[in-house]
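Take a look at the structure set out below.
Computed from the coordinates by the stated procedures, all read-outs in this text should not be read as laboratory data. Quick caveat, the model's predicted, so the values are computed rather than measured. Cβ: placed from backbone, ideal geometry, glycine included. Neighbour counts: every protein chain shown.
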Amino acid sequence: MLLAALDYYQAFTMLEKSNDNYDQSPSAVDWEEVEVACRYLKLLYDSAHSIMATEDPTANIFFHEAWTIQREISSGTDLQDPISSRIAKDMHERFDKYWKDCNVMLAIAVVMDPRFKMKIVEFSYSKIYGLKGVKYVKVVDDAVHELCKEYVRQPLPLTPAHVEQGANGALPTDVTKILTNPPSAGDVLSDFDIYLSQVALTQIPKSELDRYLEEALLPRIPEFDILKWWKLNAVKYPTLSRMARDVLAIPVSTIGRGSIFSSARTEARMLDDYQSSLRPETLEALFCAKDWLQNSPPALKSPSSTLAKK
């Protein structure tokens, strides 16, 4: 609507000059405010469409859009132009409320993306906060490790044994001989075996999360299936894969694809007095059920109904 109004800037100017009785034309300051507002609103518009262009968006893609908006609006508050600075400050004050509430969770989600991990958090926070970014990076790092500890405390599902055992659960004969027979006196590497056992006792094993974060980043492939990657690496990261599955499945947006700027659809998602009185658990069940039903695959027609039509 504002962009459409800008197209009529010259028309309003000519009307004011040609008609002395017309005195309601927007001033030059009004037009400049509209132009600046359109520039910042386009950030939100493009981000929304970028997210909704994904068929089934996972939580990791929201961080990239959110921190880009935060950076652009924050930098706009320092502009010399008073109009641009004032509008940017107003938008930053509003957007910052949402950013402070969800940036840690969004950051945890993007850490679960093997193409970015903690590196994107370090980079983006340095752009937003400058030298203070180190403090906020530590907040995210601590939150990721604390969340991972919660999953470590949960029991893992049973997995098939990787060691061949006999019918009665006994170890194979070859393995038993190795374990029961000590190294011979002439074994020159017996001291080496003792050394290895001592080193193993002194070394602290790294957690799944630390091993994952230390590995090199994957190439930034546009059509990367992050859920499939974690499924394939579930054996390597059994605990971390469960955590990634839950984090990436968080519904960051409740607005469906194609209806992000539809007023009718948006109003339908506003809670009325009755819905507001329901328990949070009930509301969560209703919203989730509606989302699942809308995104469920269409029911297959039975062969009998198809034959009947023929």
Practice task
Past 32 Å, Cα to Cα, is the threshold; run Lys132/Lys228; Lys119/Lys236; Lys138/Lys290; Lys138/Lys228 against it and keep the listed order.
Solution key: Lys132/Lys228; Lys138/Lys290
Completion exercise
Quick calc, Ser190 & Trp292: beta-carbon distance into FRET formula, R0 45 Å, rounding 0.05, result 0.15
Fill in the blank from the handout: Taking a ≥ b ≥ c as the square roots of the Cα gyration tensor eigenvalues, with a/c under 1.5 meaning rounded and otherwise prolate when a/b beats b/c or oblate if not, region 33-86 comes out oblate
Practice task
Can you work out the PRE-style zone for Arg115? Point 7 Å along Cα to Cβ, and I want the residues of region 61-76 with backbone N under 12 Å.
Solution key: 61-62, 64
Exercise for the section: Could you calculate the contour length gain from Arg245 to Leu278, that is, 0.36 nm times the residue separation minus the distance between their Cα atoms, to one decimal place in nm? Expected result: 9.0 nm
Fill in the blank from the handout: Given the candidates Val110, Leu131, Tyr98, the one whose Cα lies deepest towards the positive end of the charge dipole of region 86-138, counting +1 at each Lys or Arg C-beta and -1 at each Asp or Glu C-beta, is Leu131
Exercise for the section: Treat each spin label as a single point 7 Å out from the Cα along the C-beta direction, and report the Ala285 to Lys138 distance in nm. Expected result: 4.4 nm
Practice task
Would you list which aspartates and glutamates come within 14 Å of Lys206, measuring only between C-alpha atoms, while excluding same-chain residues fewer than 8 positions from it?
Solution key: Glu214, Glu215
Exercise for the section: Among the GluC sites (Glu not before Pro) in region 22-59, which ones are in a DSSP loop with at most 13 other Cβ atoms within 10 Å of the Cβ? Mind listing them? Expected result: Glu55
Completion exercise
Extension length gain for Tyr98 and Arg211 (0.36 nm per residue less Cα distance), in nm, is 37.5 nm
Completion exercise
Taking the dipole of region 13-79 about the Cα centre (Lys, Arg +1; Asp, Glu -1; charges at Cβ), the one of His64, Leu43, Trp31 that reaches farthest to the positive side is His64
Exercise for the section: State the three equivalent ellipsoid semi-axes of region 1-153, derived from the C-alpha gyration tensor as the square roots of 5 times its eigenvalues, in descending order and whole Å. Expected result: 42, 17, 10
